[in-house]
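The values are calculated or read from the model by the stated rules, or taken from the named source; none is laboratory data. Worth saying up front: this structure is predicted, and the values here are computed from it rather than measured. No Cβ is skipped: glycine too gets one built from the backbone with ideal geometry, and neighbour counts run over all protein chains shown. Only protein heavy atoms, including side chains, enter the accessible area calculation; ligands, DNA and RNA are left aside. Shrake-Rupley method; radii C 1.70, N 1.55, O 1.52, S 1.80 Å.
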Amino acid sequence: QVRLVESGGGLVQAGGSLRLSCVASGRTFSAYGMGWFRQALGKEREFAAAITWSGGSTYYADSVKGRFTISRDNAKNTVYLQMNSLKPEDTAVYYCAAKSNSGSYYRSSTYNYWGQGTQVTVSS
């Protein structure tokens, strides 16, 4: 069992930045690929970014590429999402997720564990 707790959400003006953190507890964090997904009100959950267990590879949705950066610190059991140049359309609840299988990083169904989410609101 892995427990994930996100933090760092909040209200920011368009063009601003936020850094989300996700702390994991339980089984060996370094064994898991990690992802960030987001869900806007009335919309389906969508992929934002992911990182392999070693941090050697990262993946981004086209909508956030060049603005968001995912990273991890296995010594701290933490994955981060640095979000720059935020836009109103980035407003959503952001979820951290962990996967221990070889399935796609882009699909939410391949992730085994999920956090409770943190709200990000970008005002225009």
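In the stretch 101-124, which residues are more than 13 Å from the chain's Cα centre (by Cα) and either in a helix (DSSP H, G or I) or of a type in the set (Val, Ile, Thr) (or both)? Those that are more than 13 Å from the chain's Cα centre (by Cα) and either in a helix (DSSP H, G or I) or of a type in the set (Val, Ile, Thr) (or both): 109, 110, 121, 122.
Please pick out the residue among 60, 32 that is at pLDDT 95 or above and either surrounded by fewer than 16 Cβ atoms within 10 Å (Cβ to Cβ) or under 14 Å from the mean Cα position of the chain (by Cα) (or both). Of the residues listed, the single one that is at pLDDT 95 or above and either surrounded by fewer than 16 Cβ atoms within 10 Å (Cβ to Cβ) or under 14 Å from the mean Cα position of the chain (by Cα) (or both) is 60. Total residues in the stretch 65-100 satisfying the condition of being polar (S, T, N, Q) and under 10 Å from the mean Cα position of the chain (by Cα): the figure is 3.
For the stretch 41-63, the criterion of being under 18 Å from residue 16 (Cβ atoms) and not in a strand (DSSP E or B) is satisfied by at least one residue.
Can we say residue 20 is outside any strand (DSSP E or B) and among the aliphatic types (A, V, I, L, M)? Spelling it out, it is not the case that residue 20 is outside any strand (DSSP E or B) and among the aliphatic types (A, V, I, L, M).
Considering only the stretch 66-73, I want to know if a residue exists there that is within 17 Å of residue 47 (Cβ to Cβ) and either in a helix (DSSP H, G or I) or at pLDDT below 95 (or both). No; the residues of the stretch 66-73 include none that is within 17 Å of residue 47 (Cβ to Cβ) and either in a helix (DSSP H, G or I) or at pLDDT below 95 (or both). Taking the conditions (1) of a type in the set (Ser, Thr, Tyr); (2) out of contact with any strand residue (DSSP E or B) (no Cβ under 8 Å at 6 or more places or on another chain); (3) crowded, with 20+ Cβ neighbours inside 10 Å in turn, residue 104 satisfies each one other than (3).
One residue is enough: does the stretch 5-15 have a residue meeting the conditions farther than 16 Å from residue 101 by Cβ, open to solvent by less than 50 Å² (accessible area, probe 1.4 Å) and among the acidic types (Asp, Glu)? Within the stretch 5-15 (the criterion being farther than 16 Å from residue 101 by Cβ, open to solvent by less than 50 Å² (accessible area, probe 1.4 Å) and among the acidic types (Asp, Glu)), the answer is yes, since at least one residue qualifies.
If you go through the stretch 16-26 and keep only what is surrounded by 13 or more Cβ atoms within 10 Å (Cβ to Cβ), of a type in the set (Gly, Ala, Ser) and closer than 17 Å to residue 68 by Cβ, you end up with 16, 21. Within the stretch 87-100, can one find any residue that is open to solvent by 60 Å² or more (accessible area, probe 1.4 Å), of a type in the set (Asp, Glu) and assigned to a loop (DSSP other than H, G, I, E, B)? Within the stretch 87-100, none of the residues are open to solvent by 60 Å² or more (accessible area, probe 1.4 Å), of a type in the set (Asp, Glu) and assigned to a loop (DSSP other than H, G, I, E, B).
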